[in-house]
1. Please go through the range 230-264 and give me each residue that is over 25 Å from the mean Cα position of the chain (by Cα) and β-branched (V, I, T), ordered by number.
2. Give the residue that is nearest to A308 (Cα to Cα), with candidates limited to residues of the range 68-98 that are open to solvent by 40 Å² or more (accessible area, probe 1.4 Å) and hydrophobic (A, V, I, L, M, F, W, C).
3. Does V382 fit the bill of being under 21 Å from P60 (Cβ atoms), open to solvent by less than 20 Å² (accessible area, probe 1.4 Å) and at pLDDT 95 or above?
4. Can T147 be described as open to solvent by less than 40 Å² (accessible area, probe 1.4 Å) and either closer than 22 Å to H310 by Cβ or in a helix (DSSP H, G or I) (or both)?
5. Would you be able to tell me the number of residues in the range 316-336 that are buried (at least 16 other Cβ atoms within 10 Å of the Cβ) and either out of contact with any Lys or Arg (no Cβ under 6 Å at 6 or more places or on another chain) or small (G, A, S) (or both)?
6. So which residues in the range 52-77 are assigned to a helix (DSSP H, G or I) and more than 16 Å from the ligand (Cβ to nearest atom)?
7. Show the residue pairs that are 6+ apart or on different chains and have beta-carbon atoms under 9 Å apart, the first residue being within the range 141-158 and modelled with pLDDT under 95, the second being among the polar types (S, T, N, Q).
8. Any idea how many residues of the range 359-380 are part of a strand (DSSP E or B) and either within 15 Å of the ligand (Cβ to nearest atom) or within 20 Å of T108 (Cα to Cα) (or both)?
Amino acid sequence: MNKLPIIRRSLLLAAALAWTAPVFAQDAEAQRAPVQETRPAGSQQAKNVIVFLADAGGVPVLNGASLLGYGEPLKLRVQQWPHLGLSETSPVDQFVSDSANGMSSIMTGVKTHNGVISQGPDGARGERDGLPTKTLLEYAEEHGLLTGVITTQSIADATPAATYAHSNDRGKWGEIFPQALSPRFGDGVDVMFGAGRSRIGDQLTAAGTSFDRLSEQHARPIYSTLAEVPAANARPIVVADEMDVHAATLKAVDLLEQSPAGYLLVVEWDAHTDDPREGLQNVIDFDKLIAEVERRVNLGNTLLLFTADHSFGFQVDGGTRGEELLAGYDAWKASNAESDIVRLENVLVNDTHTAEEVPALAIGAGAEGVHGYFPNTHLFDVIMDAWGWQPDSSPAD
Ligand SMILES: [Zn+2]
């Protein structure tokens, strides 16, 4: 190589710099900006994020819910959303995920083992803690946002737990639930509405504490029904026997909308279809709630994301338009059959989680990051990018 052209290029570059110094300064700034963003240039930054998690709500379950609820495919509200990706859910050592790994991966950007709640893969279920992996809820708390977690299931069950707790075993509810009141960042979950009161209560007793004692220690009442929450309580916790997630979500949005800095809300609705009518009806009801929330929020500064923690062995493999999708259901239900395989006329259920990718659907600020096939950990990046935040350099801290 001849040195002269290099020198001349340098001279030209120096001259160019001298003339265009302000532009260069901008460029340099741009180069210092984050380089791994998935939020495309020009897309809106999110102030608020709502994650709707249909537990076990895979592609075939959405399909079945539309057919049962509306007699036709593609009638769910979430099926109208503009941004779709397929999210891969496996844990680090197997093909099929449970809710613990599935939700931990979405919430922390780090895949782990089944049964483990927001700890790295260095943990072993029930045997050894892994490093805690920082959750989106913890990032939101650290940034001064309000946060909320709502579920039809136990508030200490794996899916909600993965937002606020770290444990080497999803079954340790006596260790998981109190972490909501002893947060690592901010002041912890602001709005918590879930079920599981009696079983969590039993495990708290076994762990030497109770709802009452935790309430006193942390000066936060833990109500047993939504109706008990006084209007003045801006950070309510309800652990009920059953949770009306529709009412709970609308109440939570009322409270969280007051946040000047924005909010993160995670809503889980069970969508296991081992009982196909109940499971599909749950998805129909969840979708109606999502449509209602979508009409209320400002999509210019709010990201809505719908996804599942893992898929499920449900298939529509027959049927005729205008006729009943779940023909044979009542006879099956009456038979009290215990089999893992449910064979209805048009529907086959294999009562187990399955490995194939689940839908991720998005609308609103930062939704453009959802497209193509990706590991579920990508959804963590999509949400962080929507907020314009960088994760800590090490995912575990
Ligand atoms: Zn699950």
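The values are calculated or read from the model by the stated rules, or taken from the named source; none is laboratory data. Note that this is a predicted model, so its numbers are computed, not measured. Here Cβ is always computed from backbone atoms with ideal geometry, including for glycine, and neighbour counts include all displayed protein chains. Heads up: the accessible areas ignore ligands, DNA and RNA and are worked out on the full protein's heavy atoms, side chains in. Shrake-Rupley method; radii C 1.70, N 1.55, O 1.52, S 1.80 Å.
1. Once the filter is applied, which keeps residues that are over 25 Å from the mean Cα position of the chain (by Cα) and β-branched (V, I, T), the range 230-264 yields nothing.
2. So the residue we want is L86.
3. Details: under 21 Å from P60 (Cβ atoms): no; open to solvent by less than 20 Å² (accessible area, probe 1.4 Å): yes; at pLDDT 95 or above: yes.
When the stated conditions are applied, V382 does not pass them.
4. So T147 fails the test.
5. 4
6. N63, G64, A65, S66, L67, L68, G69, Y70
7. Here the result reads none, with nothing in the range 141-158 linked to a residue that is among the polar types (S, T, N, Q).
8. Counting residues in the range 359-380 that are part of a strand (DSSP E or B) and either within 15 Å of the ligand (Cβ to nearest atom) or within 20 Å of T108 (Cα to Cα) (or both) gives 7.
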